[in-house]
Every structure is written in structure tokens, then in C-alpha cells.
Amino acid sequence: MPGDSSGCGRPRDRPKPNRTRYPYTRRSGNEGMFRPFRESVESALASVLRARELPIDDLGLEEPPEDIDAVLASSIAFRLASELGAAPPQIAGELAAEIDAGEYRYIDRIEPAGPYLNFFPDESYFEGTLKAGQEPGYGALPSRDTSVVVEHTSANPTGPVHVGRARNPIIGDAVANVLEYAGYDVDRHYYVNDAGRQMAVFTWAYERFDESELPEPARDRAEYRMVRYYRKGNEFLENAEPDAVEAAEAEIESILQGLESGDEETYDRVTEVVDTVLGGMRECLARLPAEFDEFVKETRFMRDGSTDDVVDRLKALEGAVYEEDAWQLEFENIEKNLVFLRADGTSLYTTRDLAHHEWKFENYDRAVTVLGEDHKLQAEQLRSALELLGSDTERLESVIYSYVNLPEGKMSTRRGTGVQLDDLLDEAIDRAREEVETRLDDRLRNDELDDDDVERIARQVGIGAVRYDIVSKQPTKAITFEWDRALDFEAQSAPYVQYVHARCCGIENEAAGIDPELNVSVLTSEAERELLLTIARFPGVIEAAADDHEPHRIATYTREIADRFNGFYRECPVITADDDATKSARLALVIAARHTVANALDILGVEAPESM
RNA sequence: GGGCCCGUAGCUCAGCGGACAGAGUGUCAGGUUCCGGACCUGGAUGUCGCGGGUUCAAAUCCCGUCGGGCUCGCCA
């Protein structure tokens with residue numbers, strides 16, 4: 001949906017925080033040749049079908065199997081068989097003969113292969129790919145002039161980020177990245193649940209208990225110090241004398257009421273706790289790194305009156321009922337009612353989230369939310385309620401992931417069970433460091449890594465491996481966390497791809513006296529051609545991954561291009577090639593491959609080391 | 001019990017209407033006087049959970065069934 005749908009000042013006017021990870025990409029992109037080639041194929045097919053007065057709504061386009069070096073194929077002949085009363089292979093042959101490939105850009109020839117039509121690229125396709133690949137921003141698609149807010153993580157500020165939730169920032173960051181590469185104007189939001197009962201309990205506990213009553217924090221950082229109050233408070237509420245619990249509940253209730261009525265003093269008390277804990281959590285997330293343009297607090301939508309407004313409009317809806325001392329909304333296709341106002345007049349999380357999402361719709365063209373599968377029902381209710389309130393919910397999309405569990409069960413901040421993300425990252429870095437050090441002795445390359453390099457590589461490889469492991473799988477698949485599996489650097493992992501990038505850098509460094517040249521006429525070997533074809537596909541992969549919010553496709557692609565590059569590396573020496581023309585052309589190919597790998601890794605949030 | 005998600009090689013996973021179901025790992029056998037061996041080459045390995053159906057074509061869509069996860073709070 002191009003263009004502006006609700007006209008309004010967008011937050012993109014605000015200065016963005018410094019996200020230093022993206023040194024060159026996403027601004028000066030180059031979309032390369034794949035999509036233009038596909039357009040040519042589409043118009044070629046459409047034209048021949050139109051001439052026969054056949055429908056053109058489904059061209060049956062697909063990518064051919066690996067052993068066929070066509071860029072695209074069509075299975076249209078199957079669909080026409082009954083209508084034309086001929087066998088698919090015959091139809092394919094006729095169609096191929098009726099299309100004059102010369103009339104269409106980038107298409108060299110069209111060959112029937114049984115029932116299929118294969119579309120082969122001409123030299124300009126390879127030339128254009130090599131040229132586009134020279135640009136650091138290769139792969140990034142043209143601007144769509146459409147703003148998207150990606151909300152992810154949004155973990156309650158109750159304590160350290162544990163691995164159970166780690167999928168959220170990792171998937172969320174990659175979804176935001178791939179949308180950015182696909183030409184959307186992206187903002188990343190963390191929605192802060194600072195108005196719920198959990199925060200009232202936390203605030204009460206923080207004020208009620210003294211640090212001397214608490215155990216040592218597991219780590220010297222804000223959220224680790226603070227979570228001790230939260231756990232202590234919850235333990236108290238479960239085990240203390242009834243009178244004491246009652247008094248505590250009264251205090252908690254007064255905090256909730258204070259927030260609801262907009263009491264400044266209450267707000268300040270809660271905010272102190274929220275901001276302190278959140279500050280620590282941000283430091284943890286920054287290690288991934290997952291950074292945000294804005295932390296949006298739900299109290300904002302209570303204080304500005306928009307939640308009250310939503311409540312009034314909900315009450316006026318046909319499905320609104322007052323039952324069992326609460327205002328509820330009935331849905332046609334969801335069994336469970338949405339309770340949106342308690343008898344005491346306080347709102348609920350989803351009520352505030354409705355106001356939040358209306359605000360998103362006012363400020364962005366589209367909204368994507370990354371959330372755990374346990375929130376799925378709530379998300380469906382939210383969508384339906386928004387629809388009833390008059391929003392166009394086509395603009396809202398969810399990415400659902402299932403939780404990472406321990407072999408022994410769920411992780412819980414409140415109970416203090418689970419593996420902290422900090423611990424996982426530390427362990428990953430430690431194991432990566434060991435790996436670097438054991439490999440130090442038998443490195444072929446003579447480039448003297450110093451201690452800082454070792455530390456850098458350990459961090460890039462260790463954190464990269466954790467991210468890659470999570471982002472490379474479909475989010476809907478359940479994961480049981482096991483240390484050795486999560487930290488396996490062999491397998492299909494980040495280091496394998498990172499190594500290709502480092503190899504490219506190594507070659508480029510050695511190639512000091514050689515100038516890259518965009519001369520595909522000397523890149524004739526199968527390995528060179530296949531690498532170029534793989535590079536050419538990159539923008540198409542980005543487009544598909546962005547359309548479906550599936551960053552794991554980028555991870556699959558990184559393995560393919562890494563395989564292709566290693567094949568090229570084996571067959572085709574660059575520095576020691578026979579003649580200068582070959583050296584220069586191959587160097588250009590290495591550069592294109594490096595940009596492609598770097599940008600694919602960038603989308604995944606994995607660093608691309610120059611040496612390792 | 002109702003709803004949703006997942007079930008593909010021993011293990012971890014791609015593929016999600018079309019050309020013989022693919023990788024990695026593990027296992028077996030090999031490869032570096034040559035740009036980075038965290039690499040590469042080759043062999044072996046599958047009732048795509050099971051049973052029906054739709055289709056010219058099903059791992060892919062539909063129905064049923066079994067196994068696992070999530071969910072069905074005036075929590076978030």
C-alpha cells in the first residue's frame with residue numbers, strides 16, 4: 001500500500017538514535033537485475049498469452065531446480081493443457097517458439113524443457129549484476145515511500161532478559177532490517193508495559209524492602225539488582241501472613257489507582273522503577289545488538305486520555321456488554337470476550353494497547369508486531385477490536401514465534417528460573433575465544449592477530465552464532481535450549497558465512513595492485529557464473545523475506561552464497577590468475593560477493609568480520 | 001475438552017502446489033609445494049507422523065487421527 005493512508009506528522013522527523021551498525025547500506029541501495037529480469041519474463045509471457053486470448057493472472061513463475069541455470073521458469077503449460085486440449089510439453093514448445101527473446105531485456109533465450117519453460121539470462125544480466133555488486137548497498141530495494149513501525153521485544157521491565165524471550169529481539173531486529181532493505185521506512189519500537197499490576201507490585205516491593213534483606217545480585221547491573229526486590233515481593237505475597245499480604249495488596253491497589261487517575265506522584269514512583277530496570281535491560285539488548293528508535297510507554301495512552309476515549313467508543317459498540325461487574329466486548333468469531341474495563345473503572349492491558357495501536361496507525365502506514373505465541377489470542381482480539389473501532393487492520397501484521405524452553409520447563413523472571421541472555425552471550429564469547437586461540441597456531445594466513453583482534457573475533461563469532469542459530473529457523477518451531485546446540489560453531493552456523501566474508505577481505509587485501517574491472521566476458525567458468533547468478537538473486541530474496549516477514553530465508557540464502565563462493569574460491573584463483581583481465585574481473589566478483597554476504601549478514605544482525 | 005502452531009535422513013533444520021525431497025551434523029574414504037583448511041571432494045542414509053480426499057501434479061491444500069507445544073484469567 002504505497003503512499004500515505006491517514007496523512008499526519010510521522011515520527012520520522014525526529015532525529016534517530018545513533019545506530020552505528022549500518023555504516024553504508026540501506027541508503028544508497030542498488031536493486032540489481034533479478035527483479036528487472038522477472039519483469040521482462042512476466043511481460044514476455046503475458047504478451048504471448050494475451051495474443052492467444054488466454055488469462056494472464058497466473059504465470060506459474062518459479063525458480064528452477066539447482067541443476068538448471070535458468071533464472072526463472074514457468075509451469076504455465078500445465079494449466080493450459082486442458083483448455084487448449086494439448087499436452088503440456090507441446091504447449092511449452094509452442095509458447096517458447098512464439099516469444100522472441102530478443103524483444104525483452106535481459107532475456108537471452110527461452111527453452112522448453114518438457115512441460116516447463118526456462119528463461120535464461122543474457123550477458124547484460126551478468127554485467128548488470130557485477131556492476132550492481134560493486135556498490136556497498138547492493139541488494140537494498142528502491143524506497144516504497146511507506147512507513148512501518150516494527151514493535152518487538154516489549155518485555156515487561158521486571159528483570160534480566162532471559163533466553164526464553166531472546167527470540168523476540170533477534171527475530172524482531174532482523175524483520176526490521178529486512179524491511180529496511182526492502183525499501184520501507186522503518187522505526188523500531190519497544191512498548192513498555194509500565195502500567196500493569198506487575199509494575200505496581202514491583203514499585204511496592206522496591207519501596208517496602210531494604211537491600212540488606214536481599215541476596216547478592218547475579219550481575220552488577222541495574223536490572224539484576226532490581227529484580228531481587230521483585231522476586232522478594234512476589235515471594236512475600238505468596239507466603240506472608242494474611243494480614244501483611246492484605247496490607248501489601250492495598251498498597252499495590254493504590255498504586256494502580258494512582259496510575260489510572262493520572263496521579264503525578266504515583267507515576268513518578270513507578271517510573272523510577274521502570275526506567276531503572278529498563279535501563280539495564282537495554283544494555284543487555286544492546287549487546288546483540290538490538291536497538292530501538294523509541295520506547296513507548298503504555299502510561300502515555302492513559303495520561304493523554306486516549307485510553308478513556310477508546311473505552312467510550314468500545315462501550316458504544318454493538319458487541320459491548322456489561323457482565324459480571326465488567327465491561328466486555330463480544331466478538332463474532334472469537335469465543336472469548338475481551339474485558340476492557342473493570343468494575344473499579346481501571347483499564348486493562350489490551351484496552352491500552354488499543355489506544356497504542358490507533359496511535360501507530362496515525363503515525364505509520366503499517367505496523368508489524370513480533371510476539372510470542374502465548375500472546376496470539378490477545379493479538380486476535382486486539383485486531384478484531386481495532387476493526388470494530390474503525391481501523392483498517394490490513395495495515396497490522398504479526399510475527400509469531402514460539403518460546404525457547406529449557407529441558408526442565410519454562411523460564412520465569414518472577415521465579416528466577418532460566419538462563420539469562422547475558423550468560424548465554426558470555427558463554428558464547430568464551431567458547432569462541434577458545435576456538436580462535438586453538439586455531440591461532442595453525443593459521444595459514446600470516447597476519448598476526450593481536451589480543452584486541454582475538455577479542456573482537458570472539459565477540460563477532462560468539463554473538464553471531466547465537467543470533468544466527470535463532471534467526472535461521474522458522475519462528476513457529478519450538479526450541480528446547482541446550483548449551484552445546486546453541487553454541488555449535490560447526491554446523492550451518494554464522495562462522496561458516498563469516499569466514500567467507502573474511503576470505504573475500506583477505507583476497508582484496510592481497511590484491512593491492514589489481515584494479516577491479518566489470519568484465520564478465522572473461523568470467524566464463526561454471527563456478528563464476530553460478531556465483532554471479534546467486535549474487536543476482538539477492539534482491540529477490542530480500543523482497544520475498546520482507547513480504548512474508550521471514551528473515552530466516554536470508555539465513556538460508558547466506559549458506560547458498562557461501563557454498564557458491566567456496567566453489568569459486570576452489571576453482572578460480574584471483575591474485576594468481578593467468579592474465580590481468582581475469583584477475584581484475586575476478587576481483588570485481590569477489591567484491592560483489594563480499595557486499596552481498598555483508599549485507600545478508602547485516603540483515604540478520606550478524607557482524608561480518610574482516611579477519612577471523 | 002475447544003481453538004491455534006509444530007511433526008521431513010540417527011540429530012538440527014531448509015523446501016510449503018510443480019522438474020529426481022535438499023543441506024549441515026554424525027559416520028566412512030580422500031584433499032593444502034597454489035589468494036585464509038572455521039575450507040573442499042566423494043560414498044551411505046528417508047513409508048516427508050499415520051489414514052483418507054482434492055488436483056494433470058501433494059512434503060506442500062482439505063478432512064480425520066496420533067504425538068508434542070501454546071492458549072482458553074476483571075495477568076501482561
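The values are calculated or read from the model by the stated rules, or taken from the named source; none is laboratory data. Small disclaimer: the values here were computed from a predicted structure and weren't measured. Here the Cβ positions follow ideal geometry from the backbone for every residue, glycine too, while neighbour counts run over all protein chains shown. Ligands, DNA and RNA are stripped out before the accessible areas are found, and what is left, the full protein with its side chains, is counted by its heavy atoms. Shrake-Rupley method; radii C 1.70, N 1.55, O 1.52, S 1.80 Å.
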Scan around A:GLU151 for amide H atoms under 5 Å from its own, H built in the peptide plane at 1.01 Å from N, and keep only partners 5 or more places away or cross-chain. A:HIS189, A:VAL368, A:THR369, A:VAL370
For region A:270-282, 3J(HN,Hα) per residue [Karplus equation, 6.51 cos²θ - 1.76 cosθ + 1.60, θ = phi - 60°, Hz, x = Gly/Pro]: 5, 4, 4, 5, 4, 5, 5, 5, 4, x, x, 4, 5
Return the sequence-ordered ³J(HN,Hα) values of region A:114-125 in whole Hz as given by the Karplus equation 6.51 cos²θ - 1.76 cosθ + 1.60 applied to θ = phi - 60°, using x for Gly and Pro. x, x, 9, 10, 10, 10, 9, x, 8, 4, 5, 5
For A:GLU294, the residues 5 or more places away or on another chain with a placed amide H closer than 5 Å to its own amide H are A:ARG188, A:TYR190
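Return the Rg/Rh value of region A:147-405, two decimal places, where both radii are evaluated on C-alpha atoms and Rh is the Kirkwood radius.
0.97
Using unit Cβ charges (K, R positive; D, E negative) and no other charged atoms, how large, in debye to the nearest 20, is the dipole of chain A about its Cα centre?
Values: 68 positive and 124 negative charges, 112 e Å.
I would put it at about 540 debye.
Determine the dipole magnitude for region A:141-295: charges of +1 sit on the beta-carbon of Lys and Arg, -1 on that of Asp and Glu, nothing else is charged, the reference point is the Cα centre, and the result goes in debye to the nearest 20.
So the magnitude is around 960 debye.
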Hey, what's chain A come to in accessible area per residue, 1.4 Å probe, Å²? 44
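Could you give the alpha-carbon Rg of chain A over 2.2 N^0.38 Å, rounded to two decimals?
Details: Rg = 28.1 Å, N = 612, 2.2 N^0.38 = 25.2 Å.
Its radius of gyration relative to the 2.2 N^0.38 Å reference: 1.12.
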Using DSSP to define loop residues, name the GluC sites (Glu not before Pro) in region A:486-584 whose beta-carbon has at most 15 other beta-carbon atoms within 10 Å. A:GLU490
May I ask which residue of A:ILE470, A:PRO573, A:GLY258 lies farthest towards the positive end of the charge dipole of chain A, with charges of +1 (Lys, Arg) and -1 (Asp, Glu) on Cβ and the Cα centre as origin? A:PRO573
Roughly what percent of Cα-Cα pairs across region A:421-604 reach past 30 Å? 26
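Is there a pair in A:LYS410/A:LYS473; A:LYS336/A:LYS360; A:LYS360/A:LYS477; A:LYS410/A:LYS477 whose C-alpha atoms are over 22 Å apart, and which pairs would that be?
Values: A:LYS410/A:LYS473 20 Å; A:LYS336/A:LYS360 25 Å; A:LYS360/A:LYS477 29 Å; A:LYS410/A:LYS477 16 Å.
As for pairs spanning more than 22 Å Cα to Cα, those are A:LYS336/A:LYS360; A:LYS360/A:LYS477.
Based on the mean of other beta carbon atoms within 10 Å per residue, what is the order of A:478-484, A:190-196, A:415-421, most packed first?
Values: A:478-484: 13.0, A:190-196: 22.6, A:415-421: 18.1.
Ranked by mean Cβ neighbours within 10 Å, highest first: A:190-196, A:415-421, A:478-484.
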Please list, ordered by chain and number, the residues whose modelled amide H lies under 5 Å from the amide H of A:PHE340; skip anything fewer than 5 residues away on the same chain. A:TRP327, A:GLN328, A:LEU329
